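Presented below is the structure to which this report refers.
Every read-out reported here was derived from the displayed coordinates using simple, explicitly stated rules and does not represent laboratory data. Only a predicted model underlies this, so the values are computations on that prediction, with no experimental measurement involved. Note that each Cβ is placed from the backbone with ideal geometry, even for glycine, and that neighbours are counted across all protein chains shown.
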Amino acid sequence: MSGRLARGAGAAVHDRARDLAATRLDEPLPAADLAWLEDHLAACADCAAVAAEYDEQRLSLRAFRLDLPEPPRDLWARTAAALDAEGPGRSRRFGGWFPKGLPLAPVAGLMVVAIAVSVGLLNGRSLFPDSTINGDVPMPTPIDVAATEVQVLTRSEDGTVRVLTRHVDQMCPTGVDTCGISSTFDVTTTASISGSADLDGIISPTQDRMVVLDRGGGVGGVGGVYVVTMDAPSPTPAPTATPDPSASPDAVSPAPTTTPDPSAPAATPDPSAPATPDPSAPTTTPDPSAPATPDPSAPAATPDPSAPATPDPSAPAATPDPAASPGPTPDPAAEPTPSIAVSPAPDGALEIARDVIVVGGIAAYSLDGSHFAFSARPADGSVGPDVFVWTVGDAEARAVTSDHVSVFAGWLDGRLLVSRVADGNPETVLLDLADGSESALGEGRTWRPAIGPDGRTAAWWDGSVTFADGGVTPVPDMGRLVLAGWPASDANPQVLAAGRLTDWDVNWAADGTVLGVWTTTGKPGKVGSLSLYAVDPDSGRADLGNPLIDAAPAFDGFSLRSGRLAWTAPADDGGTTVQVAVWSGRDVNQLELQTEQGVKVVR
Amino acid sequence: MVADPFELERRRLLPVGLTVSAGWDRDEAYRFVEELFAKHQHEIYAYLLRMLRDPELAADLTQDAFVKAYRAYDSLQKPENARAWLYQIAHRVALDDLRRRKIVRFIPLVGETRNATPSAEHLVMDARLSGDLQRALERIPERQRAALLLAELHDLSGLELASALGVSHVAARALLTRARESLRQALAVERQAIADQEAAAERRRETRS
């Protein structure tokens, strides 16, 4: 009898744990319940597995949140006809869905509700302060916040690339994203870079230069990579990532690469340049006998001896693919200094790679700002991507892998995290730029890890990888985006997203206390969803049940730095809005800035 | 607050002409529904499609939901609750139709492979929800499925969910908890079935070879 009672009591304990594990997904648990649950899950593997399945199930469902099917085009006509049939007395109107003369209060209330709900910031909180939901909907009063700034990149009608900067020192109250704050940006930098409107910008840690990635604008497009000098610093500079004090002064000297070499006109490649562009072969194989010679007119063009100029030819990454001669792969038997074709600085911007397709969303400066890494493949689609590194002062970017299945995943202690597909399995290695040596990381499938600032926690793709773009570009397929201790292991991971993702991006705040996660199941350029999670600095666990921002619609390329999150989102009118959020504890304040279509947030 | 769901139901069951209260302004109601439609047609259509898996039927019932919203306009006391109120109407429309037509499509565990020509609605939905997840959702009770869809895909808060489902907050939360467990078990069944199918196929290949 006592045994039966004991089993019953035990079952009740597990039932309670599973109920709480499900309930916590929908609302915060009381502290006592939460503590009890965590203790129980730590001790009960079965219940922990169930809780993990609940988490995964939720993420699988949410992955489809933004994938709204399109209703029939005539649905309004049908509905209007049905409304007409309801009886006389209604004056028929014609025109759009937002006619003049509507009662202000309900319409404004509805619009604010729709905006706020669609942004998805209000998980578990009341929708609005009481003062905004009745009467004439008074405009919320902005609140002061620590000054920061947001930069966006856009291509103007005349083809120039513009950097727009917005200083932000006021935000909207919690729960609203529009509150009468001006949306205007200042044009702070322009550069004449021809190409597509599909741009990305990554600013250097010293904020004096920016790498502009022209992704080529889609299928058949051809892109390039440029370095642009930023104009004079703003009068109220935003807090920035602290540069590595050990960085060489040369490495952070004022933008030497952005001064056009008068001896090398923009349209005439310097024949002495290391990679002479052949018009008939846009992605030329560099002359191995002529390693990259920095522009002698550039004061900081002296190659950094520690730069990745000579990857170890014996290393797998440097093994050439004999079938891929047109690609950016060098002949390691000669001088293994692979590079992408490059031309001298065109009108104020240094073109460090041309006729390429930039692959993946990850491209970044090293912490000290002395190197910039990205992934690219030849525009002709002949082979897949390799990792390229540009060293400040050099005239061109150089390939540091040559297997055509490698992508850049991030920097770790001055070394490169390189993810690739080997024998069908995704893996990540640590590539030392100094000698080209590689060391394995993690166990099992670990692809594109985003390692936290303390190096103890990381998010990575634990799943299969497939190949897009005609079978040359590795992209995630089925699996899970997990957060767990680093080096990677299977110990108690948290699932950030699961299922069939087409892309994702994870970024940490500099202090490691928050984590931004963007995922998408759509095609490139389609909107995805962005969440911001608080991370316990001690355990490295993210508070997935109570996101600071929950699945906000977002295009790719968000920026998490200087104490703020910035991203672009679709606007109702077909344009693009820039969303800015700052947080303090669990309070999140947001600001929506209207811009033209296609802007990208500078990261 | 959102109108009492029982009052809404009463209005819904009354003949059309009797649902209109004395102070009901048809012009105002029309404009209001027009705005509602512009703002919410996509998500209401998506919800009904996810519940019913039939694009044409979902379109018809979306239209029906907005007409009912027009009729019940004066029952909405606070415009800021219009979204949950509209979901409440759509939810009832969906359940009514499911009951009436008994649209409970029990897809075989290996439905796609047994069905040489999957129906249009299957193609539509399978393009949006992964196969095993969609089939698992179909296995769970309708109200639980509705709760999960509304909470997870349509981002309704706890109170909105309760309003949409026409139950108390506590009941909505309990329903959601049950739904999560039901879906977990259903997913396990689906995945086991797939594993069994793959194992059987492997055995057949081995036998042939």
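Worth pointing out:
- For A:Arg78 and A:Ala571, the FRET efficiency from 1/(1 + (r/R0)^6), where r spans their Cβ atoms and R0 equals 22 Å, is about 0.20.
- Residue order, fewest to most surrounding Cβ atoms within 10 angstrom, among A:Arg209, A:Arg65: A:Arg65, A:Arg209
- Long pairs among A:Lys600/B:Lys78; B:Lys39/B:Lys78; A:Lys526/B:Lys78, criterion Cα-Cα beyond 26 Å: A:Lys600/B:Lys78; A:Lys526/B:Lys78
- Charge tally in the Cβ shell below 13 Å around A:Val407, where Lys, Arg are +1 and Asp, Glu are -1, A:Val407 excluded: -3
- Average partner coverage of B:49-57, which counts Cβ from other chains inside 10 Å: 1
- Neighbour counts of C-beta atoms inside 10 Å place B:Ile44, A:Ile143, B:Ile194, B:Ile140 in the sequence A:Ile143, B:Ile194, B:Ile140, B:Ile44, starting with the fewest.
- For A:Ala459, the shell of other residues with beta-carbons less than 11 Å away shows a net charge of 0, using +1 for Lys and Arg and -1 for Asp and Glu.
- Sorted by Cβ neighbour density within 10 Å, fewest at the top, the residues A:Phe555, A:Phe374: A:Phe555, A:Phe374
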